[in-house]
1. Can you tell me how many residues in the range 268-297 are touching a strand residue (DSSP E or B) at 6+ places or on another chain (Cβ under 6 Å) and farther than 20 Å from residue 417 by Cα?
2. Give me the residue from the range 470-479 that is assigned to a helix (DSSP H, G or I) and surrounded by fewer than 20 Cβ atoms within 10 Å (Cβ to Cβ) and, out of that set, farthest from the ligand (Cβ to nearest atom).
3. Just need a number here: residues in the range 346-367 that are surrounded by 24 or more Cβ atoms within 10 Å (Cβ to Cβ) and within 16 Å of the ligand (Cβ to nearest atom).
4. Just checking, does the range 172-181 include any residue being in the same structural domain as residue 145 (by TED's automatic domain parsing), part of a strand (DSSP E or B) and modelled with pLDDT of 95 or more?
5. List the strands (runs of 3 or more DSSP E) inside the range 184-245, counting only whole elements, that have at least 2 residues being closer than 21 Å to residue 167 by Cβ.
6. What are the pairs, 6+ residues apart or on separate chains, where a residue within the range 269-280 that is in the same structural domain as residue 313 (by TED's automatic domain parsing) has its Cβ under 9 Å from a residue that is part of a strand (DSSP E or B)?
7. Does residue 34 fit the bill of being under 21 Å from the mean Cα position of the chain (by Cα) and at pLDDT below 95?
8. On the basis of being surrounded by fewer than 22 Cβ atoms within 10 Å (Cβ to Cβ), touching a helix residue (DSSP H, G or I) at 6+ places or on another chain (Cβ under 9 Å) and at pLDDT below 95, does residue 341 make the cut?
Ligand SMILES: [Zn+2]
């Protein structure tokens, strides 16, 4: 964007946010509730460097876009260092942007017209994130810096006291790239707010196909080559909830060739506090109070081959109609009025969902009717509140979380990380019955870095009314119609018969 265009943008929103201070006071309110030292650190200069030799690579561009977009939603001094002539990959070209730098700058300025992009004064060291493989090394980096990349289904990170090297050069899935970008943004945030180095990200390789996490200085050598779909037909898909996770998912869906029919459902309008974590919403969306479904519909209509429709309303008015509609899958992100408890009784097809916690946690889940647990099984209760081995007391200055009620506070990168896991689960379903062998719940807590991905494969719960509803003959005429209906028949168990209960098997990927 030119200086004139930025000034024009500021002028359009001036009646509500006449100054940067007024804008940040509203936007950063939720994050400041979790991190009371936030304001002292948001002016630390940040630099995001893009590997000059791979700057036209689609994966590197996706990671850089996600990392820059999320970082400018809390950091007020951000500079992106990338080759100005690098052309955008064809799957990312839109809105008149031809180069990577144009698109990054456009997304950052429409997220925050006030941020400062001037280079650091001599002698001041910025917090740096390096994006890409950097096969020729990262000459400017030191041990405080972090690098992210993605290959195949695997998101990669490296602490640059031990530079990592790649065995493979395959393109990555959008999900793996987005996860790498979000984790990179979280490492910048940790350093900015003063987390001690033991809580920063360490060198890792996280395979989003099997949820395996490798943590050692040779982790990048562990990458397994898997087929990476260049296109994805989502069939007839319901996205219920276009809030923090749903809007991040819509943003990511615009980064690859998707076909099919998508129905968006939400009741809310964009407000200033949504700008602190959604990569989709712009300052003009918040200024105009645009409906979240309208913003997502506009984005996906311009950035995908999806046929998109939208419904604005509340869950209890529409849930029954959704149950009667022959969707192939639901992505259920709305939990107003305890929606998750009612989902199984609408006899849905496969349901995917994502979550964030009020601390540093995020996750995603899948529910294949009859052979896996249902959303009601995941409603808060003691075992469902388990968020991994490191959930407690990891924020350096946590405001009493009891006070954090509505609106729920969440750190800026978590919802995009959750959306990336949901997207990986969407892609896993294309693997057909192989998906049945994969965990159906993954949760992570970034409070102390990335010590583990906690995965579970949960079967139907004995005595759960939701799981019982899925076994009914009514489900056969509803959820079973979807393209993934065959996944609900296990070997020797036909649709319509009762499936044996399975005990949840827990494993911690390390
Ligand atoms: Zn259940």
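1. Of the residues in the range 268-297, 5 are touching a strand residue (DSSP E or B) at 6+ places or on another chain (Cβ under 6 Å) and farther than 20 Å from residue 417 by Cα.
2. Looking at the filtered set, the residue picked out is 477.
3. The total comes to 9.
4. Yes, the range 172-181 has at least one match.
5. Strands (runs of 3 or more DSSP E) meeting the threshold: 204-207, 212-214.
6. As it stands, the answer is 269/291; 270/291; 277/356, since those pairs meet every condition given.
7. Spelling it out, residue 34 is indeed under 21 Å from the mean Cα position of the chain (by Cα) and at pLDDT below 95.
8. Considered against the rule, which asks whether it is surrounded by fewer than 22 Cβ atoms within 10 Å (Cβ to Cβ), touching a helix residue (DSSP H, G or I) at 6+ places or on another chain (Cβ under 9 Å) and at pLDDT below 95, residue 341 comes out as yes.
The values are calculated or read from the model by the stated rules, or taken from the named source; none is laboratory data. These numbers come from a predicted model, not from an experiment. Virtual Cβ from ideal backbone geometry, glycine too; neighbours counted across all protein chains shown.
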